1. Tally Lys/Arg at +1 and Asp/Glu at -1 over every other residue whose Cβ is under 12 Å from the Cβ of residue 55; what's the total?
2. Sort 49, 20 from largest to smallest accessible area, using a 1.4 Å probe on the heavy atoms of the protein chains.
3. So how do 65-71, 81-87 stack up, highest first, on mean other-Cβ count within 10 Å?
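The values are calculated or read from the model by the stated rules, or taken from the named source; none is laboratory data. All values reported here derive from a predicted model rather than from experimental measurement. Cβ coordinates were reconstructed from backbone atoms using ideal geometry, including for glycine residues, and neighbour counts include every protein chain displayed. Ligands, DNA and RNA are stripped out before the accessible areas are found, and what is left, the full protein with its side chains, is counted by its heavy atoms. Shrake-Rupley method; radii C 1.70, N 1.55, O 1.52, S 1.80 Å.
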Amino acid sequence: MGVDGSALVNDTVAAPRSEWEPERILQAAADGELRVYGLDEGWDVVRLWIDGRPVTVAEQERINDLVTSEDLVIVGTRVALTAFGRETLARWAKYQRTQRKRGEQ
């Protein structure tokens, strides 16, 4: 279940990630591939991982922005989309499809 109570879609074949960092982070969160380590283990350092690797400094800044804007929320050891985050991701995806169609013509 998602944070907002809606069911999560978890396909075995992941769609390619966006090249635009904020959208890529929301996509990873939607796929359950944005994880938090050290938060509940009592470590001094909390580390975020995306797609099986540590996040970069730039990605960490974007994640902070997305949490602040209430698109993402930390739930246990994972970072999840809020209902607002799902809407944002859907809107950005629609915009990207429109841009690709214009470029193909």
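1. Working: positive: 24, 35, 47, 53, 62; negative: 21, 33, 51, 59, 61.
Combined, the nearby Lys, Arg, Asp and Glu give 0.
2. Numbers: 49 85, 20 115 Å².
Order by accessible area, largest first: 20, 49.
3. Details: 65-71: 15.1, 81-87: 18.4.
The most tightly packed comes first, giving 81-87, 65-71.
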